[in-house]
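Colleague: Quick one: structure below, then a few questions.
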């Protein structure tokens, strides 16, 4: 038995043992049962020996293992569990379980099994956020407000139109996470140390027993590659980056200066000294937790970068807790925003009252001049710009006179509108109603888009349910096969 230095135990092995107990004990046990069932099915382990090994596995007290204090006598969790098996059925019998496998393929298999769960939980949180935002959008298809470009008031849109942009981004995030799941859900077990084995193993059977869609192919790559993990983490990083930008908007809109958004009482905190304060701290926590998760996701990628393409510690014991922490915090930030926005309220009257300030609807005047008077858009744009300049210089002058003067100045001919006509052309609601472009803010279009997004959400929920049920069915299949040994 190797005697480890106390520094190595204290600074490395103890932490790794604690992490493995928390993350990998359950998948490790499933791998043991699945491999045993396969070895027996293939005639590599005799039924009588398999029965003794299965009874020894059944007798391992998992709760007690989770509470075990690392004693330095075993290198890792795998070796500790192996000691328990040897104690239960003897070294000769227990040792047969390790036929045609290595800690390498065991580790890579359990990493994928855990990441499947992480991806499922994160997809579930994203679906809840999409539902929350879709419900909000459905209530605000006609709630107009001024949107910004380059931090300046730009044009008028609707709350639904803005939220649909966020929802569509989250739909793409879901697709990326689902794709990462599909590539994660391949089984490395059977690759052994790195070159496979001479035993007639059945990798398809272990894949079925563990809920994988198929085995990995190249045995070297099964152990060496980590792109499946990086794909999941990268999809998470894209999700978090977009999410953080939206959270920043929501926080800005919650300020008294904007007053667009009001969270429910359960998501705000008061001040200990200022009675009037109503701080939207749930969104602040979401921003902080999301930044933390993104930092961890990028740290995962950095940790793997420039490591050798093979079996290497850098992708194993010390990296996996960081992966787990990144997914945990990503789930937290998405989930708290989903809950908080479920309580959110927009003030349609206030939003519309300020929507037209700052000439946010001026593009519609230029468009109207093109449609109604046959002008080139650049000429119509110039007339509209002169209107703004004239209004700044002569604030009391009626708009129809300013348009008339601007058109004479640029075209030599007057363009005549009544004040009422200009008021309608420049109204925020008219601006939105005119923008019936595919994907635009007109209520009829946003209602159509909401319907499409609800259909996509339903399909994504069905995918999550189906892939989750597949794992549950595999677990039942494994239990049945193991019980029959």
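Colleague: Can you report the number of residues in segment 36-64 which are touching a helix residue (DSSP H, G or I) at 6+ places or on another chain (Cβ under 8 Å) and in a helix (DSSP H, G or I)?
Modeller: Count: 16.
Colleague: When you look at residue 63, is it within 23 Å of residue 483 (Cβ to Cβ), loosely packed, with under 14 Cβ neighbours inside 10 Å and not assigned by TED's automatic domain parsing to the domain that holds residue 316, yes or no?
Modeller: Numbers: within 23 Å of residue 483 (Cβ to Cβ): yes; loosely packed, with under 14 Cβ neighbours inside 10 Å: yes; not assigned by TED's automatic domain parsing to the domain that holds residue 316: yes.
Against the criterion (within 23 Å of residue 483 (Cβ to Cβ), loosely packed, with under 14 Cβ neighbours inside 10 Å and not assigned by TED's automatic domain parsing to the domain that holds residue 316), residue 63 qualifies.
Colleague: Answer yes or no: is there a residue in segment 187-205 that is surrounded by fewer than 17 Cβ atoms within 10 Å (Cβ to Cβ), part of a helix (DSSP H, G or I), in contact with a helix residue (DSSP H, G or I) (Cβ under 9 Å, 6 or more places away or on another chain) and at pLDDT 95 or above.
Modeller: no
Colleague: So, in segment 408-425, exactly how many residues are over 22 Å from residue 360 (Cβ atoms) and assigned to a helix (DSSP H, G or I)?
Modeller: 4
Colleague: Here's something else I'd like to know. Scan segment 305-341 residue by residue and report those that are assigned to a helix (DSSP H, G or I), in contact with a helix residue (DSSP H, G or I) (Cβ under 9 Å, 6 or more places away or on another chain) and modelled with pLDDT under 95. Quick ask: steps written out before the conclusion?
Modeller: Initially, segment 305-341 is screened for residues assigned to a helix (DSSP H, G or I), giving 313-315, 320-341.
Filter once more, so that each one left must be in contact with a helix residue (DSSP H, G or I) (Cβ under 9 Å, 6 or more places away or on another chain): 314-315, 320-341.
Once the filter is applied, which keeps residues that are assigned to a helix (DSSP H, G or I), in contact with a helix residue (DSSP H, G or I) (Cβ under 9 Å, 6 or more places away or on another chain) and modelled with pLDDT under 95, segment 305-341 yields 314, 315.
Colleague: Does residue 375 meet the test of being buried (at least 19 other Cβ atoms within 10 Å of the Cβ) and in a loop (DSSP other than H, G, I, E, B)?
Modeller: Values: buried (at least 19 other Cβ atoms within 10 Å of the Cβ): yes; in a loop (DSSP other than H, G, I, E, B): yes.
Answer is yes for this residue.
Colleague: Restricting to segment 438-471, give me the number of residues that are part of a helix (DSSP H, G or I) and in contact (Cβ under 8 Å) with a residue 12 or more places away in the chain.
Modeller: First pass over segment 438-471, keeping only residues part of a helix (DSSP H, G or I): 443-471.
Now drop any that are not in contact (Cβ under 8 Å) with a residue 12 or more places away in the chain, which leaves 443, 446-447, 449-450, 453-454, 456-457, 460-461, 463-464, 467-468, 470-471.
Of the residues in segment 438-471, 17 are part of a helix (DSSP H, G or I) and in contact (Cβ under 8 Å) with a residue 12 or more places away in the chain.
Colleague: Out of (1) on the phi > 0 side of the Ramachandran plot; (2) within 37 Å of the chain's Cα centre (by Cα), what's the single condition that is false for residue 43?
Modeller: Only one criterion in (1) on the phi > 0 side of the Ramachandran plot; (2) within 37 Å of the chain's Cα centre (by Cα) is unmet by residue 43, namely (2).
Colleague: Only residues that are buried (at least 23 other Cβ atoms within 10 Å of the Cβ) and farther than 30 Å from residue 464 by Cα: list them for segment 98-126, please.
Modeller: Across segment 98-126, the qualifying residue is only 101.
Colleague: Another question, then. Exactly one of (1) closer than 30 Å to residue 172 by Cβ; (2) part of a helix (DSSP H, G or I); (3) in contact with a helix residue (DSSP H, G or I) (Cβ under 8 Å, 6 or more places away or on another chain) is unmet by residue 384. Its number?
Modeller: Unmet for residue 384, out of (1) closer than 30 Å to residue 172 by Cβ; (2) part of a helix (DSSP H, G or I); (3) in contact with a helix residue (DSSP H, G or I) (Cβ under 8 Å, 6 or more places away or on another chain): (1).
Colleague: Given the residues 85, 23, which is the only one that is modelled with pLDDT of 95 or more, surrounded by 13 or more Cβ atoms within 10 Å (Cβ to Cβ) and more than 21 Å from residue 313 (Cα to Cα)?
Modeller: Numbers: 23 fails: more than 21 Å from residue 313 (Cα to Cα).
When all the criteria are applied, what remains is 85.
Quick grid of which residues meet (1) surrounded by 14 or more Cβ atoms within 10 Å (Cβ to Cβ); (2) assigned by TED's automatic domain parsing to the domain that holds residue 229; (3) in contact (Cβ under 8 Å) with a residue 60 or more places away in the chain:
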site: 293; (1), (2), (3): yes, yes, no
site: 302; (1), (2), (3): no, yes, no
site: 308; (1), (2), (3): no, yes, no
site: 311; (1), (2), (3): yes, yes, yes
site: 315; (1), (2), (3): yes, yes, yes
site: 319; (1), (2), (3): yes, yes, no
site: 322; (1), (2), (3): yes, yes, no
site: 327; (1), (2), (3): yes, yes, yes
site: 330; (1), (2), (3): yes, yes, yes
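Colleague: Go through segment 352-386 and report how many residues are without any contact (Cβ under 8 Å) to a residue 24 or more places away in the chain and at positive phi.
Modeller: Here is the first cut: in segment 352-386, the ones without any contact (Cβ under 8 Å) to a residue 24 or more places away in the chain are 353, 366, 370-372, 374, 376-378, 380-381, 384-385.
When the remaining residues are screened for being at positive phi, the result is 374.
Going through segment 352-386 one residue at a time, the tally reaches 1.
Colleague: Hey, among 229, 251, 239, which residue is assigned by TED's automatic domain parsing to the domain that holds residue 193, free of Cβ contacts under 8 Å to residues at least 40 places away in the same chain and touching a helix residue (DSSP H, G or I) at 6+ places or on another chain (Cβ under 7 Å)? Don't jump to the end; show me each part of the working.
Modeller: Values: 229 fails: free of Cβ contacts under 8 Å to residues at least 40 places away in the same chain; 239 fails: free of Cβ contacts under 8 Å to residues at least 40 places away in the same chain.
Answer to the selection: 251.
The values are calculated or read from the model by the stated rules, or taken from the named source; none is laboratory data. Just so we're clear, the structure is a prediction, and the values are computed from it rather than from any experiment. Reconstructed Cβ throughout: ideal geometry from the backbone, glycine too, with neighbour counts over all protein chains shown.
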